[in-house]
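Structure, as structure tokens:
The values are calculated or read from the model by the stated rules, or taken from the named source; none is laboratory data. This structure is a prediction, so every number in the text was calculated from the model and none was measured. Please note: Cβ atoms are built from the backbone with ideal geometry, for glycine as well, and neighbour counts cover all protein chains shown.
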Amino acid sequence: MNYNAIKMQQTQDREVKAMATAVRISEELANDAKKISRVDHRSLTGQIEHWARMGKCAEENPDLTYSLIKEILIGVEELEQGEKSEYKFGK
């Protein structure tokens, strides 16, 4: 997934957030999400959305590791926030 595709996906994700949709999930998944959301300082909804977003990216990019997907998404967000610097090769 290139930068433009990731940026477009994030825009779509933000647009979807504006529309609330009720979804039934298992009690086990909800309990797991509650535990992890406390550790990661997210809301229950935020944790489930995070898992869904990461899972979607992983399915679309099966050759990438979780860590690499996470770093790419962090980098895209940093670019959107204006946090950028020139990469120095060989350092």
Quiz item: Considering only region 30-49, how many residues are over 14 Å from the mean Cα position of the chain (by Cα) and not small (Gly, Ala, Ser)?
Solution: 9
Quiz item: Counting only residues that are without any contact (Cβ under 8 Å) to a residue 40 or more places away in the chain and not in a loop (DSSP other than H, G, I, E, B), how many does region 16-55 have?
Solution: 27
Self-check item: Residues (in a helix (DSSP H, G or I) and surrounded by 14 or more Cβ atoms within 10 Å (Cβ to Cβ)) located in region 59-91
Solution: Ile69, Lys70, Ile72, Leu73, Gly75, Val76
Self-check item: Residue check for Ser43: modelled with pLDDT under 95, small (Gly, Ala, Ser), within 27 Å of Gln81 (Cα to Cα) and in contact with a Leu (Cβ under 6 Å, 6 or more places away or on another chain)
Solution: no
